[in-house]
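None of the figures in this text is laboratory data; all of them are computed from the coordinates on show. What you see is a predicted model; the values in this text were computed from it and never measured. Because the Cβ atoms are built from the backbone with ideal geometry, glycine has one as well, and the counts that use them run over all protein chains shown.
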């Protein structure tokens, strides 16, 4: 990621569904017997897990026609709507779940996350405070409070919450992870390093923790350690383009700092292949190509950067660089400074 923020990993992942898809009408028979009801519950679960959200909605509506005050059905319906980015329907459904079970902390948690997704942090905070009253020792709910406090940039309060969480539940990896987020933002790099090592102690395969550790080691000039972690991430995530692009980009930065320019250029070029809109990768590829004396590549990446970002603050510098390489061109602004991408994440929820 290009900036620090808490990434909401909920009971649902957010995907884009078209309005046309939302309007599909599917008829699901209302169950008449207990056996039919149980069968339909399983079908709704399977549809949800397989990503058939429209069908899952209609199945849950049929279940609610049979049992309109069932808080579990309402919570599940809210989760499906949230998957579809239908936040208002999701909010309505979660509120119904809470109405029919005032101690339904799952629905409270999910409601707070939807409010956060909408940018309504104050409402999210109100909901999660009510959930804490119901279940004050629930680490997920406490973590959600911590994340909301991070969103409100109240880092000291958020840190207090997460410290309380990991003291009560030392193996709650998300608590350690987000303590690392706060310490990184405050540039307490040694503490952030400890936090992410704790995450890896609990979950050795956590790619995001490895990426964040690598970012810390780059800043601390411990490049070999950064390279080792990033190579592990790349090897373990061959099909995850987002993870790979971030890892290759940071690996390129590490190689630049180590003066391994050919390796760095390979990494930036790989990042560009994965994500053709990565402006920082074009800038760094151009700079490294210049250093290596690869004039054609440097020109190509500067021009590509300028076409992708026609309005930028440093066009004069790009123009001078190109002219120095013998290119006479009127450009419409130079590159931003090299940046280190840093992954962060949020708590997982429940369906």
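General remarks:
- Note on the range 266-309: residues that are over 28 Å from the mean Cα position of the chain (by Cα) and outside any helix (DSSP H, G or I) total 2.
- When the range 232-242 is filtered for residues that are loosely packed, with under 15 Cβ neighbours inside 10 Å and not in a loop (DSSP other than H, G, I, E, B), the ones remaining, listed by number, are 235, 236, 241, 242.
- Residue 199, sole failed condition from (1) closer than 20 Å to residue 318 by Cβ; (2) in contact with a helix residue (DSSP H, G or I) (Cβ under 6 Å, 6 or more places away or on another chain): (1)
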